[in-house]
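First up is the structure itself, then whatever we jot down about it.
The values are calculated or read from the model by the stated rules, or taken from the named source; none is laboratory data. Bear in mind that the values here come from a model prediction, so they are computed numbers and not experimental data. Backbone-built Cβ (ideal geometry, glycine too); neighbour counts: all protein chains shown. The area values use the complete protein model at the heavy-atom level, side chains included, leaving out ligands, DNA and RNA. Shrake-Rupley method; radii C 1.70, N 1.55, O 1.52, S 1.80 Å.
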Amino acid sequence: MGARHEEIADELRRAIDREEYTVGSLLPAETELAAHYGVSRGTVRQAVATLTTEGLIGSRQGARRVVLASRRSQSFAELRSFAEWARAMGRAATGRVVAQEYRPATKEDSVRLQLATGTPVLHVLRVRGLDGEPVLLERTVYADWISPTVESIEPECPSVTQRLYDDTGLVFAYGEHVIDAVAAGAQDADLLEVRRTSPLLRVRRVTTTREGRPVEWSDDRYRSDAVSFSVHNSIGNNTLARKTADQSVERGLRSRTTTP
């Protein structure tokens, strides 16, 4: 059982995710929250501080704080996997391996994965979906030391990240993301069920262990009508977030209807 302030923080996260407190609304005052949970204001203050650090709530307006985001918008600072992001939104993540093979490490592979050129590395092409709808192509190259474990995972596994943790204790701890736009080629268009040359959001990433050992590098391509990225700026926090396109529309409509 965790500390009481951690339990309260988790209850508030779930309430924000369920939109009991919508983005732009105010949380109850600390005194109200303390009475509701039967704890001291100090305990509530600890819980609120946790959510502030996570970027879910912002600065005070009197004795209350404004809700800035929900976990449905995944911050890349959390390094949350696609499956974890989907689950936080109440959506089902799917995964399907389209192709998988060993190839000698190219110069780019060797630089990104810190391996000798020519080292056999596993290339995997996956289609990822939300509730069965394809939204993401992952072209991932795995370092030689983890490749055999990845190769043994069933093709329909919804979360390779979770499986690697369960099987080996591997934790993806750090990631670097570079985002740009590309046009869908014939294969991308077919697998994502979009027209050829449709715009795709590309995220190239390198992920490492806590010790800084590269695990994988990937070229991920999202359907631009299904997923978008936003930057949430504040003095102490500049967070890049991934969200579904319908969330972006909902937030935009809310902004327009609440602006004087």
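Measuring only protein heavy atoms, the 1.4 Å probe finds residue 31 accessible over about 80 Å². If a spin label sat at a point 7 angstrom from the Cα of residue 202 along the line to its beta carbon, the backbone N atoms of the range 99-119 nearer than 16 Å would be those of 108-109. Could you pull out which residues in the range 106-135 have an amide N less than 15 Å from a spot 7 Å beyond the Cα of residue 151, following the Cα-Cβ vector? Residues 119-125 fall inside that zone. Each of residue 170 and residue 186 was given a label point 7 Å from its Cα along the Cα-to-Cβ line. The distance between the two points is 3.3 nm. Positive contributions from Lys and Arg (+1) and negative ones from Asp and Glu (-1), summed over other residues with Cβ under 13 Å from the Cβ of residue 42, come out at +2.
Across the range 85-154, Cα pairs under 8 Å and at least six residues apart give a relative contact order of 30 percent.
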